[in-house]
């Protein structure tokens, strides 16, 4: 059994240690409380903030059989890199069919052009024949006029006059027939031109279809739309995909990432576009990122929800609303460390 003096000394040590620990804890709490109070006085602060970045789906514009997948999970890609390849044989066959139809229409246009040329030559020939027939008719008309005068003077017989008149009528009929042939020839030339127009329109339709088929062939190679990082790979070689199917997700690296901070509505009086901001990520508590406010939402976050609140129902409970504020991070401060969705703390110095 220990003497009373030794026992008293031990109690004194325990009391001293307890007091020291309590003092340390009190100092820590005072420091933390002072820091929080200083932060509240000197800064407008929120911890309801996340890093945001454009994350877009990679979508197939056509369906088909996947022959190769050229990326893995979380792979960094450049604009134009091939991500997936779809079997293009069927689309090439369709494109070749349309190309063959275009060639057929072109051949028909050449045939019609030859027909038009022949008809135009016949048309010119008929014009010359008409000129010759008109000359013969004019000559015969003069002959008839002479015989008619001689007949009236009793110097020619009625039979001679009738023979000349009959030949005149024949020449008139021949001229009339040639004129009818000329009109028909003109109509045939016009018909050929109309047919060429119809075939030309059909050729244009096939040309548009060929362009569409060529696009389909191009769509069989799915490329990265911009520099970025691929998400989880969900497509494998041998799968059948449909048009419009989401094949994966890509994080856009070409557009800068930003922070969406949801400040209380009572804090907006201390915020303005252009204000400098300090951002501290939970993942990197020892590093402070800087940025500036580039926009403030025109409405609260709840107003953009699927079912916005309606305070006219009678069951009203006042809740402080949050307003999204967009913050752009400054370049050159290792902002690539921050990932989309990370929680951050935002402080805006009070003016």
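What follows is calculated from the coordinates using simple rules that are stated; it is not laboratory data. It should be emphasised that the depicted structure is a prediction, and the values quoted were computed from it without experimental measurement. In this analysis, Cβ positions are derived from the backbone assuming ideal geometry, glycine residues included, and neighbour counts consider all displayed protein chains.
What to note about this one:
- Residue exposure sequence - 268, 247 - by fewest surrounding Cβ within 10 Å: 268, 247
- Annotation: Cα Rg of the stretch 1-150 relative to the compact-globule expectation 2.2 N^0.38 Å equals 3.60.
- Cβ-Cβ FRET estimate between residue 180 and residue 90, R0 fixed at 45 Å, reported to 0.05: 0.20
- Using a simple spin-label model with pseudo-atoms 7 Å out from Cα toward Cβ, residue 254 and residue 212 lie 2.8 nm apart.
- Length-normalised contact order of the chain in % [C-alpha pairs under 8 Å, at least 6 apart]: 31
- With the simple model of a label 7 Å out from the Cα in the direction of the Cβ, residue 194 to residue 319 spans 7.4 nm.
- Evaluated at q = 0.20, 0.22, 0.24 Å⁻¹: base-10 log I(q)/I(0), Debye formula over Cα of the stretch 40-124: -1.06, -1.13, -1.20
- The reciprocal of the average 1/r between distinct C-alpha atoms defines the Kirkwood hydrodynamic radius, which for the stretch 251-297 equals 12.5 Å.
- GNM flexibility winner over the chain from 13, 203, 139 (Cα, springs under 10 Å): 13
- GNM remark for the chain: springs join alpha carbons under 10 Å apart, and the peak mean-square fluctuation among 267, 120, 141 falls on 141.
- For residue 264 and residue 76, a Förster radius of 30 Å and the Cβ-Cβ distance give a FRET efficiency of 0.20, rounded to the nearest 0.05.
- Distance histogram in 5 Å bins (all Cα pairs of the stretch 75-184, percent per bin): 2, 10, 10, 9, 8, 7, 7, 6, 5, 4, 4, 4, 4, 4, 3, 3, 3, 2, 2, 2, 1, 1, 0, 0
- Rounded to the nearest 10 degrees, the angle from helix 89-152 to the longest Cα principal axis of the chain is 30 degrees.
- Counting only alpha carbon atoms, the long axis of helix 158-219 and the longest principal axis of the chain meet at about 10°.
- Principal axes of the stretch 165-237: Cα extent on each, largest first, Å: 102, 23, 9
- Using alpha-carbon coordinates, inclination of helix 4-42 to the longest axis of the chain, degrees: 30
- Estimated from the Cβ-Cβ distance and a Förster radius of 30 angstrom, the FRET efficiency linking residue 128 and residue 162 is about 0.45.
- Taking only the alpha carbons of the chain, we obtain Rg and Dmax values of 47.7, 189 Å in that order.
- With N as its number of residues, the stretch 226-335 has a Cα radius of gyration that, divided by 2.2 N^0.38 Å, comes to 1.51.
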